[in-house]
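Participant: First, the structure itself, so that you have it in front of you.
The values are calculated or read from the model by the stated rules, or taken from the named source; none is laboratory data. Note that the coordinates shown come from a computational prediction; the quantities given were computed from them, not determined experimentally. In this analysis, Cβ positions are derived from the backbone assuming ideal geometry, glycine residues included, and neighbour counts consider all displayed protein chains.
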Ligand SMILES: [Zn+2]
């Protein structure tokens, strides 16, 4: 998926940019910049074609990405397909631990039935999962996999 958070990092506060320059410095397309100009990005008054001040562009992009963040809160997970936090179907999540402290919660999106993940630590499961039912799972031992894989490979390499 393309990165749609256009970056304000390379924009210089004291410079002014025309549409093409603004597009280049933020990684957006010229069409996107024109769209932003119609949706709240302030151009320099009285200039045509439009020019925008660096500082206005920075403020606008930063405000926009801040308002787009949607913290999940307890008992909710972010569905990448629906692009919003959801309460998992059946009020149920699985916790798959990897390592001693970390793991991820997995639940089903009630809307698109996609699998949702949420990273958390063992000590914060309760805070992340809220009042969802948690079933603890553990990863299959990886060693078995690689051993049988190698075994298979060796068999194949040998002449029959
Ligand atoms: Zn979904």
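Participant: For segment 82-111, give me the residue count where each residue is surrounded by 13 or more Cβ atoms within 10 Å (Cβ to Cβ), within 11 Å of the ligand (Cβ to nearest atom) and over 15 Å from residue 133 (Cβ atoms).
Facilitator: So the answer is 5.
Participant: Within segment 80-100, which residues are at pLDDT 90 or above and under 21 Å from residue 137 (Cα atoms)? If you could, list the steps in order and put the result at the bottom.
Facilitator: Start the filter on segment 80-100 by keeping residues that are at pLDDT 90 or above, which leaves 80-82, 85-97.
Correct list: 87, 88, 89, 90, 91, 92, 93, 94, 95, 96, 97.
Participant: Looking at segment 29-74, which of its residues are within 16 Å of the ligand (Cβ to nearest atom) and touching a residue at least 40 places away in the same chain (Cβ under 8 Å)?
Facilitator: Here is the first cut: in segment 29-74, the ones within 16 Å of the ligand (Cβ to nearest atom) are 70, 72.
Scanning segment 29-74 gives a single hit, 72.
Participant: Does segment 59-73 contain at least one residue that is out of contact with any strand residue (DSSP E or B) (no Cβ under 9 Å at 6 or more places or on another chain) and not in a helix (DSSP H, G or I)?
Facilitator: To start, the set of residues in segment 59-73 that are out of contact with any strand residue (DSSP E or B) (no Cβ under 9 Å at 6 or more places or on another chain) comprises 59, 61-69.
Checking the rest, the ones that are also not in a helix (DSSP H, G or I) come to 69.
Looking through segment 59-73, at least one residue is out of contact with any strand residue (DSSP E or B) (no Cβ under 9 Å at 6 or more places or on another chain) and not in a helix (DSSP H, G or I).
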